[in-house]
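Comments concern the structure below.
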Amino acid sequence: MTLRDELLGASTALPGYSLVLPSGWHEFAADATAEQHLMRLATGRLREQHRPDLDAQLRALTGRAFAGLRASGTVAVYVQTEEWADGLVLPLSITASVRTAPGGGSLDDLVTELIRTKGATALHGDRRFVRWESDSRVAVGTATVGQHTVAYLTPFPEPGRRRALQFTAVATHPADDAGESWRPLVERMTELSDAVVSTFEWHGR
């Protein structure tokens, strides 16, 4: 049984799909088990970096993040849990959630609004997806960090175009760097999220 089957109790509400992940990345449900597992990994890294003082703060932030994921209909979380050869762990996450057209109608109006208000376009010519980007600042304890978000929306393979799967990639960066020395890394993370989402396939299509 796949993760999506487990999440939805073998329901056909969410068709099966595949996604190719980079090395060191894994898929998790947006549930308490995944939350605790990822928190244990983060706690271990904080110990290695001699920053156990941040553990309680990180636990609170992680708890709020997972509560928000569950409230927003998130069905899967994709994150890097193993370091690359150079020791790098990217400050990037990708989530998958189900979106339904307002009022039970078609998603066409939503897509039109995303194009008009968010500048949404096809994913580098891949018309299965509409893609848009945004920037924001969020409070992390007593600090503020920047977030660059890239969202991708693709309709379910069913008549009516009433439901869609949305992937949301969030890259975190310093908010107080006037020179934006972080931008090249964020651009590379955006390229990575585009590459991951471009591997998406509905099962049986």
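The values are calculated or read from the model by the stated rules, or taken from the named source; none is laboratory data. Treat the numbers as computed from the prediction; the structure is a model and nothing was measured. Counting neighbours? That spans all protein chains shown, and the Cβs are built from the backbone with ideal geometry, glycine included.
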Cβ-Cβ under 9 Å pairs, at least 6 apart or on other chains, region 111-131 side under 21 Å from TRP202 (Cβ atoms), far side among the small types (Gly, Ala, Ser) and exposed (fewer than 15 other Cβ atoms within 10 Å of the Cβ)
ARG128/ALA122; PHE129/ALA122; VAL130/ALA122; ARG131/ALA122
List the residue pairs whose Cβ atoms are under 9 Å apart, where the first residue sits in region 171-196 and is closer than 16 Å to GLY146 by Cβ and at pLDDT below 95, the second is of a type in the set (Ser, Thr, Tyr) and surrounded by 12 or more Cβ atoms within 10 Å (Cβ to Cβ), and the two are 6 or more positions apart or on different chains.
ALA171/SER93; ALA171/THR149; ALA171/THR190; ALA171/SER193; THR172/SER93; ALA175/THR144; ASP176/THR144; VAL186/THR172
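Condition check ((1) at pLDDT 75 or above; (2) in a helix (DSSP H, G or I); (3) closer than 30 Å to LEU165 by Cα) across all residues:
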site	(1), (2), (3)
LEU46	no, yes, no
LEU58	no, yes, yes
VAL77	yes, no, yes
GLU82	yes, no, yes
GLY87	yes, no, no
Starting from region 16-41, keep only residues that are within 15 Å of PHE167 (Cβ to Cβ), then list their pairs with residues that are among the charged types (D, E, K, R) and modelled with pLDDT of 80 or more whose Cβ atoms are within a distance under 9 Å, requiring at least 6 positions of separation or different chains.
TYR17/GLU201; SER18/GLU201; LEU19/GLU27; LEU19/GLU201; LEU21/GLU27; TRP25/GLU82
Hey, among the residues in region 104-131 that are among the hydrophobic types (A, V, I, L, M, F, W, C), surrounded by 15 or more Cβ atoms within 10 Å (Cβ to Cβ) and not in a helix (DSSP H, G or I), which one's modelled with the lowest pLDDT?
LEU107
Residue list for region 132-151, filter: within 28 Å of PRO15 (Cβ to Cβ) and crowded, with 16+ Cβ neighbours inside 10 Å
TRP132, VAL150, ALA151
Which of (1) modelled with pLDDT under 85; (2) surrounded by fewer than 18 Cβ atoms within 10 Å (Cβ to Cβ) does ALA101 not meet, given it meets every other one?
(2)
Only one of (1) without any contact (Cβ under 8 Å) to a residue 60 or more places away in the chain; (2) more than 27 Å from THR172 (Cβ to Cβ) fails for THR100. Which number is that?
(1)
Criterion violated by THR154 - all others in (1) of a type outside the set (A, V, I, L, M); (2) farther than 28 Å from ASP109 by Cα; (3) crowded, with 19+ Cβ neighbours inside 10 Å satisfied:
(2)
